[in-house]
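Worksheet: the structure to be examined is printed underneath.
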Amino acid sequence: MTHAFDPGYIAEPFLSLCADYPESDVYPDDQFRVEWGPVFHRGRLDGSARVLVIGQDPAQHETIVRRILVGEAGRRLQGLLARLGITRSYVCINTWLYSVYGDVKSVTQHSVALNEYRNRWLDALLVGSQVQAVIALGQAADKAWTTWRATASGQDARVAYAAVIHPTQPESSSKGDKAKLAAATAKLLQNWNAALDVLWPALPHPDVPITPVAYGSTWADGDRVAIPGGDLPAGLPPWMHEHDGWAVRVGASELAKRRDITITVPSGIVA
């Protein structure tokens with residue numbers, strides 16, 4: 001049996017981008033978990049991407065897998081891409097290289113060094129590429145896009161653009177209240193439907209033929225799609241991209257939670 005995997009950063013400019021990245025002098029360690037290292041991307045770096053996704057920051061699953069958007073948010077994103085007929089021709093980067101710890105201060109958000117490095121990634125993925133559409137997940141990603149659009153290369157970009165509610169915003173905003181969760185989920189799906197209306201015409205040649213279908217008012221079967229093995233480093237077990245919740249920050253204090261991530265193989269994998 002053969003297993004698809006992502007070969008990694010094997011060509012320029014990505015070799016240089018991954019060799020020379022900002023550290024705690026740019027990403028303050030009171031705002032980011034820099035001790036876990038940067039997580040750069042997920043998807044195609046070979047020029048075949050037609051959709052670029054800008055996410056927010058890597059959480060615990062991404063920290064272990066070393067690719068972004070591999071948890072619940074990533075599976076919901078895969079479902080959104082599938083509705084566009086995009087099953088392979090996409091690439092994802094984050095607003096922040098490191099996991100956010102608390103709040104990101106305004107002075108950090110406007111850091112020249114931080115924004116210039118992210119803009120180098122956007123230049124590499126967009127200038128002279130075949131990307132036809134860009135999706136921003138959440139407000140921070142939308143800000144990252146508008147910051148790049150203000151640059152000389154960004155002003156020349158001719159792509160469809162959709163800023164959408166972050167995939168897991170309903171859970172974070174409802175704080176366990178089921179009624180609030182249902183309302184926030186319905187609002188998100190309505191927002192994503194509006195984005196689909198913008199993105200469908202911009203992608204006339206999807207990876208697979210589709211009949212445009214909108215979301216309902218709640219998540220349905222098929223709306224979550226497993227992360228393809230071809231997006232991940234070689235040798236990762238299938239349960240890491242088919243399941244969620246296997247990585248959890250644990251500890252009796254905030255410092256302990258920052259230092260410790262517990263990985264548990266999901267039930268049913270081992271007899």
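The values are calculated or read from the model by the stated rules, or taken from the named source; none is laboratory data. All of these numbers come straight from a predicted model, not from anything done at the bench. Heads up, the Cβs are rebuilt from the backbone with ideal geometry, glycines too, and the neighbour counts pull from every protein chain shown. Accessible surface is based on the protein model in full, side chains and every heavy atom, while ligands, DNA and RNA are left aside. Shrake-Rupley method; radii C 1.70, N 1.55, O 1.52, S 1.80 Å.
Residues that are on the phi < 0 side of the Ramachandran plot and in contact with a Pro (Cβ under 9 Å, 6 or more places away or on another chain) do occur in segment 245-262.
Applying the selection to segment 151-170, what residues are part of a helix (DSSP H, G or I) and touching a residue at least 24 places away in the same chain (Cβ under 8 Å)? The answer is 153, 154, 169.
Screening residue 219 against (1) among the aromatic types (Phe, Trp, Tyr); (2) assigned to a loop (DSSP other than H, G, I, E, B); (3) closer than 25 Å to residue 48 by Cβ leaves a single unmet condition, (3).
Restricting attention to segment 92-110, the residues that are touching a residue at least 60 places away in the same chain (Cβ under 8 Å) and surrounded by fewer than 22 Cβ atoms within 10 Å (Cβ to Cβ) total 7.
Filtered by the rule that a residue be open to solvent by less than 50 Å² (accessible area, probe 1.4 Å) and either closer than 22 Å to residue 32 by Cα or in contact (Cβ under 8 Å) with a residue 60 or more places away in the chain (or both), segment 246-271 gives 246, 247, 249, 251, 256, 258, 261. Comparison of 113, 150, 179, 184 shows that the only residue that is in contact with a Pro (Cβ under 7 Å, 6 or more places away or on another chain), at pLDDT 95 or above and surrounded by fewer than 15 Cβ atoms within 10 Å (Cβ to Cβ) is 113. Looking across segment 50-76, just one residue is touching a Pro at 6+ places or on another chain (Cβ under 6 Å) and open to solvent by less than 10 Å² (accessible area, probe 1.4 Å), and that is 68. For the structure I just gave you, tell me whether residue 226 is within 18 Å of residue 83 (Cα to Cα), outside any loop (DSSP other than H, G, I, E, B) and either aliphatic (A, V, I, L, M) or touching a His at 6+ places or on another chain (Cβ under 7 Å) (or both). It is false that residue 226 is within 18 Å of residue 83 (Cα to Cα), outside any loop (DSSP other than H, G, I, E, B) and either aliphatic (A, V, I, L, M) or touching a His at 6+ places or on another chain (Cβ under 7 Å) (or both).
Conditions (1) touching a residue at least 60 places away in the same chain (Cβ under 8 Å); (2) in contact with a helix residue (DSSP H, G or I) (Cβ under 8 Å, 6 or more places away or on another chain); (3) among the aromatic types (Phe, Trp, Tyr); (4) under 26 Å from residue 163 (Cα atoms), marked per residue:
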site: 10; (1), (2), (3), (4): no, no, no, no
site: 27; (1), (2), (3), (4): yes, yes, yes, yes
site: 30; (1), (2), (3), (4): yes, no, no, no
site: 73; (1), (2), (3), (4): yes, no, no, yes
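When residue 204 is tested against (1) at pLDDT 95 or above; (2) exposed (fewer than 14 other Cβ atoms within 10 Å of the Cβ); (3) closer than 13 Å to residue 79 by Cα, exactly one condition is not met: (3).
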